1. Quick one: T29, T150, T81, fewest Cβ neighbours within 10 Å first, how do they rank?
2. Over the chain, what is the mean sequence separation of C-alpha contacts under 8 Å (at least six apart), divided by residue count, expressed as relative contact order in percent?
3. Taking the Cα centre as origin and putting +1 on Lys and Arg beta-carbons and -1 on Asp and Glu beta-carbons, what dipole magnitude results for segment 31-150, to the nearest 20 debye?
4. Can you pull the one-decimal nm distance between simple spin-label points at E121 and A86, each 7 Å off the Cα toward Cβ?
5. Pulled fully out, how much extra length does the chain show between E128 and R111, if you take 0.36 nm times their separation in residues and subtract their Cα-Cα distance?
6. Tell me, rounded to the nearest percent, the portion of alpha carbon pairs in the chain spaced more than 23 Å apart.
7. Distance in nm between label sites at A69 and R22, each 7 Å beyond Cα in the beta-carbon direction?
8. For S137, S147, what ranking results if the residue with the fewest other Cβ atoms within 10 Å of its Cβ goes first?
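Taken together, the values in this text are just the output of simple stated rules run on the coordinates, not laboratory data. Note that this is a predicted model, so its numbers are computed, not measured. Counting neighbours? That spans all protein chains shown, and the Cβs are built from the backbone with ideal geometry, glycine included.
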Amino acid sequence: MLWYSLRVDPAPALRRACPLVRWRRQFETGLEPIDQQHRELFDALARLGGELAAGAPKDQLDEGLAFVARHLIKHCQTEETLMKEAGFPGRIVHANQHQDLVLRVRDLQYRRAKGQELGPEAVALVGEWLDHHICESDLAMAGYLKSLHTA
Ligand SMILES: [Fe+2]
Ligand SMILES: [Fe+2]
């Protein structure tokens, strides 16, 4: 069985909870496990942004943030494993960007733990960083990985 599929499912119904965080079709890499994780990440960010805007209870917000952090770390590990197995030359730079993304989410958790209020714009900023990373780095990585299987 191939470790990836070129089949791309139609975009899932997007949550409209936070209009500041949106999954975009341009994010599609053609690697279904990666695309699925990206959709889940944006879904979780949009949900969390909506909960922050609505003033959801503290425990719910903390769990939402922890959920985003867990999913982001799992996703980064998925990509880093694929890049290592494929010998992708840009994997160190890419992994450093992942570390930066994770630290940004950890920073939000730290600020909440100190009692700071976070608004939906804080989550939207994470979405922006993720957007930029996918467009700049994940698509390049996916192109390399796919080229290995079409050569
Ligand atoms: Fe990445
Ligand atoms: Fe990614």
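1. Lowest count first: T150, T81, T29.
2. Relative contact order, the chain: 30 percent.
3. My answer is approximately 320 debye.
4. In this crude spin-label approximation the distance works out to 3.7 nm.
5. Values: separation 17, 0.36 × 17 = 6.12 nm, distance 1.92 nm.
Full-extension gain reported as 4.2 nm.
6. 36
7. Taking the two extended label points, one gets 3.0 nm.
8. S147, S137
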